1. Mind checking the dipole of segment 133-194: about its Cα centre, +1 per Lys or Arg Cβ, -1 per Asp or Glu Cβ, Debye to the nearest 20?
2. Let me know the charge dipole size of the chain about its Cα centre in debye, to the nearest 20, where only the beta-carbon of Lys, Arg (+1) and Asp, Glu (-1) is charged.
3. What residue among Thr258, Thr62, Thr41 shows peak mean-square fluctuation when the chain is described by a Gaussian network model with Cα springs under 10 Å?
4. Taking the Cα centre of segment 50-185 as origin and charging only Cβ (+1 Lys, Arg; -1 Asp, Glu), how large is the dipole, in debye to the nearest 20?
5. Just to verify a number: FRET efficiency for Arg193 and Ser89, C-beta to C-beta distance, R0 = 35 Å, to 0.05?
6. Just reorder Thr59, Thr260 by solvent-accessible area, largest first, 1.4 Å probe, all chains present.
7. Provide the solvent-accessible area of Asp44, counting protein heavy atoms only and rolling a 1.4 Å probe, rounded to the nearest 10 Å².
8. Contour minus end-to-end for Gln265 and Phe132, with contour as 0.36 nm per residue of separation and end-to-end as the Cα-Cα distance?
Amino acid sequence: MSLESLVRSGLLMLCVPVAALAAPFAYVPNEGSGTLSVIDTATDQVLAEIPVGKKPRGTVVTTDGRVAYVSDQPGNRLVVVDLVNRKASGEVALGESPEGVGISPDGRWVAAAVEESNDVAFVDTGTGRKAFVVQVRGKNPEHAVFAPDGAHVFVSAEEGDAVDVIDVARRAQVAQVPVGARPRGIGFSPDGRRAYVAAENADEVYVIDTASYAIVAKVKAGKRSNGIAVHPDGSRVYVSNGGDASVSVIDTAHNVVTSTIPVGQRPWNMALTPDGRKLYVACGRSGSVSVIDTGRAARIADIAVGRLPWGVAIR
């Protein structure tokens, strides 16, 4: 039977996994209601609310979309969520006041920034246990984000005005990069050559050369810039401005803001769909997620979620 005949008969569809045809889900930790909202990015409808602790914050999803890891700040733990059955399935003790979490590209490690002890805890996803902890020099770590090659983790020191760099294989901090006041979100170019760091009290984004750890550019963003998302093609960086209720779009070729998009109140952390067509922005004070069409640089929807959404994670 020819390829054309297979398509017409529908038999070809049987060879394609259902997961490959479905749009990804967006997961939103709501720190005010203790839930994880599940959004279908095809319809922009909330499908479920999963209880995940008292104050969920940092959230990552495995590449197969079956498991999420969510930091529960007052619970001092990482909650493991079975996304197939949509329920919590385990937990890992982390330390006092965990915040942002990152997952390695190969899915082996989850790194959690732990505020009160100024360290980053590494959880082995294979064993479901905390494997090791790396002390960082910066005070009050906020986000811990893996570089695209998985070899390093960049950590924003909220009260240290710096980014700490951890070598995962050596299990040690190997560098510290001074940036502006109160660094928050971190993102990387797809090739890993640049890191983008939003400094909330400086209203700027710092561009770091990841080979030399030098600051190669500073980009003025909006008021209280905090969240970062990098387009899959590397051409644009999105910055949420908590004080302006907006998202700035940075052209990475020239390191300038090319547009500013109004969103809900207190936009925080964000995530893009894998194809880069839609950006989901957690808007804490609005209790909603604003959806941006990246091609048009325009907000196309606002989705009501739980109270005080902190961020978004997309497979």
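1. Working: 8 positive and 8 negative charges, 13 e Å.
The calculated dipole for segment 133-194 is roughly 60 debye.
2. Numbers: 32 positive and 34 negative charges, 62 e Å.
The calculation lands at about 300 debye.
3. In this elastic network of the chain, the residue with the biggest mean-square fluctuation among Thr258, Thr62, Thr41 is Thr258.
4. On the way: 16 positive and 18 negative charges, 67 e Å.
With Lys and Arg at +1 and Asp and Glu at -1, about 320 debye.
5. Values: r = 37 Å, r/R0 = 1.07.
Here the calculated transfer efficiency is 0.40.
6. Details: Thr59 20, Thr260 85 Å².
From most exposed to least exposed: Thr260, Thr59.
7. Accessible area of Asp44: about 20 Å².
8. Details: separation 133, 0.36 × 133 = 47.88 nm, distance 3.77 nm.
My answer for the length gained is 44.1 nm.
The values are calculated or read from the model by the stated rules, or taken from the named source; none is laboratory data. These numbers were taken from a predicted model, which means no experiment stands behind them. Note that we place each Cβ from the backbone using ideal geometry, even for glycine, and neighbour counts take in every protein chain shown. Ligands, DNA and RNA are stripped out before the accessible areas are found, and what is left, the full protein with its side chains, is counted by its heavy atoms. Shrake-Rupley method; radii C 1.70, N 1.55, O 1.52, S 1.80 Å.
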